[in-house]
There are 2 protein chains.
Amino acid sequence: MDTVADTSRLIAADKVQGAKIYNATGDNLGSIDEIMIDEKSGKIAYAIMSFGGFLGIGSQYHPLPWSMLRYDANLGGYVVNADRAQFKGAPAYGRWH
Amino acid sequence: MDTVADTSRLIAADKVQGAKIYNATGDNLGSIDEIMIDEKSGKIAYAIMSFGGFLGIGSQYHPLPWSMLRYDANLGGYVVNADRAQFKGAPAYGRWH
């Protein structure tokens, strides 16, 4: 149960887009490329992390459930409990839109 | 209860931003300036509609619950069950960020 002091943080969607994603040890894994919203419920279905590539060329994209991302104020980005290796084995997508 | 044929539509957040908002008779009321997300739940807390002004100067902003917006494919934007007059009487905000 959240403590009384645990306030709900609201964030603007355009601040989420481009936010960095880190693993638990603070290594940068990628960034949030897009968030997909279920229109009916207004709930984020998943975020899309972009990683790899250089200057936007060769980037790969990977969907992440929003629940996997936890904002870390010290890092100024999101921490995901996973690591690049887990994404290497998983399906990755080229430019999706 | 939704019919089986009623598919959940997913939309990218950056497509929501800037989408036009219409009233029930198809008049353009404004557009979606931003969507505010509750970070913990990943749910849209509210959208912010911008209206009025000219070339971005003098625009007013008004928060709208996401549930008030219904996507209309014919109009290519969102319909809200309200009208400009209702917003005129309501609190409006200047540039909020």
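Residue by residue along B:27-34, Cβ atoms of other protein chains within 10 Å of the local Cβ number 1 on average.
Rank-order B:67-73, B:29-35 by packing density, defined as the average count of other C-beta atoms within 10 Å over each peptide's residues, highest first.
B:29-35, B:67-73
For the stretch B:75-81, 3J(HN,Hα) computed residue by residue from phi via the Karplus equation (6.51, -1.76, 1.60; θ = phi - 60°) reads 7, x, x, 9, 9, 10, 7 Hz, glycine and proline entered as x. Label-point spacing for residue A:67 across the identical copies (point 7 Å from Cα in the Cβ direction), in nm and ascending order: 2.2.
Modelled label positions at residue A:27 and residue A:73, each set 7 Å beyond Cα in the direction of Cβ, lie 2.8 nm from each other. Phi-derived couplings, Karplus 6.51 cos²θ - 1.76 cosθ + 1.60 at θ = phi - 60°, listed residue by residue for the stretch B:64-72: 9, x, 4, 5, 7, 9, 10, 5, 10 Hz, with x used for Gly and Pro. Label-to-label distances for residue B:10 across copies, nearest first, come out at 2.6 nm, using points 7 Å from Cα in the beta-carbon direction.
Read-outs: derived from the displayed coordinates by stated rules, not from any lab. These numbers come from a predicted model, not from an experiment. Every residue, glycine among them, receives a Cβ derived from its backbone with ideal geometry; neighbour counts consider all protein chains shown.
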